[in-house]
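The values are calculated or read from the model by the stated rules, or taken from the named source; none is laboratory data. Just so you know, these numbers come straight off a predicted model, no measurement behind them. We place every Cβ from the backbone using ideal geometry, glycine too, and count neighbours over all the protein chains shown.
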Amino acid sequence: MLKIENLQVEVGGKPILKGLTLDLPSGEVHAVMGPNGAGKSTLAYALAGRAGYEVTAGTATYDGQDLLALDPSERAAKGVFLSFQYPLEIPGVPGLTFVRTALNAQRKARGESEVSAPEFLKLVREKAKALRMDFDMLKRPLNVGFSGGEKKRMEILQMAVLEPRLLILDETDSGLDIDALRVVAEGVNALRSPDRAMLVITHYQRLLDYIKPDKVHVLAAGRIADTGGPELALELEKSGYDKYVGEAA
């Protein structure tokens, strides 16, 4: 589904990704782990099309199409979803309004009819219940005054409603206690399917206790330094990243 070859990305003129290659097939969940400053979030932002992340070389192909040639809204309409490490607050915009607007904008871009208000409310109530979310929370301004766990639940709700095909989770476990982590992971796992792929970016093994990856990639100094099965994450938990940082240097 996603094939990245020799991807090089600069931020503010500084090279961050320096020839990253990664293959993510449909139906699989891959984890990307690595030390601070390795380029994990840069990878996520570059794939999503965030401004300021300049691709200077390499390719990223999504379903056989040049992902990097699409603007961010086109990527979203084609099923690319980025879960932020620190979700933004949008004062004055209720969560329900935000999610319905996003859903209908994507449907319109794909040439599909918009979802009516009754249909949308039925859908959201069903998804919110599965995530153990208080429906009244969705009437509040998006993420304003939300705890870390509430913000992440809100993002998982957006995923459940939008049903993206490529999920990029940028440190989804950041700021979560164990109970919130478990609920969020259950929401992510519910989206696993043969025609969907996930790239899970994380520092720690604990998230991967709940979201089981098919492969684990170690990102160090802007490149994939190692790839293995789930056991690689356990090894990293014990030994850390010193080996890879030393090799990269």
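Give me a count of the residues in segment 30-85 that are acidic (Asp, Glu) and either touching a Lys or Arg at 6+ places or on another chain (Cβ under 6 Å) or at pLDDT 95 or above (or both). Walk me through it before giving the result.
Within segment 30-85, the subset acidic (Asp, Glu) is 54, 63, 66, 71, 74.
Checking the rest, the ones that are also either touching a Lys or Arg at 6+ places or on another chain (Cβ under 6 Å) or at pLDDT 95 or above (or both) come to 54, 66.
Total meeting the criteria: 2.
Residues checked against (1) hydroxyl-bearing (Ser, Thr, Tyr); (2) touching a Ser or Thr at 6+ places or on another chain (Cβ under 7 Å); (3) surrounded by 15 or more Cβ atoms within 10 Å (Cβ to Cβ):
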| residue | (1), (2), (3) |
| --- | --- |
| GLU10 | no, yes, yes |
| ALA51 | no, no, no |
| THR61 | yes, no, yes |
| ALA69 | no, no, no |
| LEU82 | no, no, yes |
| GLN85 | no, yes, yes |
| ARG100 | no, no, yes |
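So PRO35 fits all but one of (1) in contact with a helix residue (DSSP H, G or I) (Cβ under 7 Å, 6 or more places away or on another chain); (2) assigned to a strand (DSSP E or B); what number is the exception?
(2)
If you go through segment 76-114, how many residues are under 20 Å from ARG196 (Cβ atoms) and not in a helix (DSSP H, G or I)?
Residues of segment 76-114 under 20 Å from ARG196 (Cβ atoms): 76-84, 99, 102-103, 106-107, 109-110, 112.
Okay, now just the ones that are also not in a helix (DSSP H, G or I), so 78-84, 110, 112.
Here the count works out to 9.
Condition test on LYS122, is it basic (Lys, Arg), surrounded by fewer than 20 Cβ atoms within 10 Å (Cβ to Cβ), part of a helix (DSSP H, G or I) and at pLDDT 90 or above? Write out each step before concluding.
Working: basic (Lys, Arg): yes; surrounded by fewer than 20 Cβ atoms within 10 Å (Cβ to Cβ): yes; part of a helix (DSSP H, G or I): yes; at pLDDT 90 or above: yes.
In short, yes.
Here is a check on your reading of the model: is ARG132 closer than 30 Å to GLU237 by Cβ, among the charged types (D, E, K, R) and in contact with a helix residue (DSSP H, G or I) (Cβ under 8 Å, 6 or more places away or on another chain)? Outline the logic, then answer.
Values: closer than 30 Å to GLU237 by Cβ: yes; among the charged types (D, E, K, R): yes; in contact with a helix residue (DSSP H, G or I) (Cβ under 8 Å, 6 or more places away or on another chain): yes.
Yes.
State the number of residues belonging to segment 173-220 that are under 29 Å from ALA57 (Cβ atoms) and either surrounded by fewer than 15 Cβ atoms within 10 Å (Cβ to Cβ) or modelled with pLDDT under 90 (or both). Steps first, please.
Keep residues of segment 173-220 that are under 29 Å from ALA57 (Cβ atoms), which gives 196-203, 213-220.
Now drop any that are not either surrounded by fewer than 15 Cβ atoms within 10 Å (Cβ to Cβ) or modelled with pLDDT under 90 (or both), which leaves 202-203.
Final tally of qualifying residues: 2.
Please find, within segment 132-151, the residue that is surrounded by the fewest Cβ atoms within 10 Å (Cβ to Cβ) out of those that are part of a helix (DSSP H, G or I) and modelled with pLDDT of 85 or more. Full working, then the answer.
Pass one, segment 132-151, residues part of a helix (DSSP H, G or I): 135-139, 148-151.
From the residues that got through so far, the ones that are modelled with pLDDT of 85 or more too are 135-139, 150-151.
Numbers: PHE135: 12, ASP136: 8, MET137: 16, LEU138: 20, LYS139: 11, GLU150: 16, LYS151: 21.
Among them, the one singled out is ASP136.
If you take the residues in segment 12-32 that are not aliphatic (A, V, I, L, M) and not in a loop (DSSP other than H, G, I, E, B), which one is surrounded by the fewest Cβ atoms within 10 Å (Cβ to Cβ)?
Of segment 12-32, the ones not aliphatic (A, V, I, L, M) are 12-15, 18-19, 21, 23, 25-28, 30.
Next cut, not in a loop (DSSP other than H, G, I, E, B) only: 14-15, 18-19, 21, 23, 30.
Values: LYS14: 7, PRO15: 15, LYS18: 18, GLY19: 14, THR21: 15, ASP23: 14, HIS30: 20.
Among them, the one singled out is LYS14.
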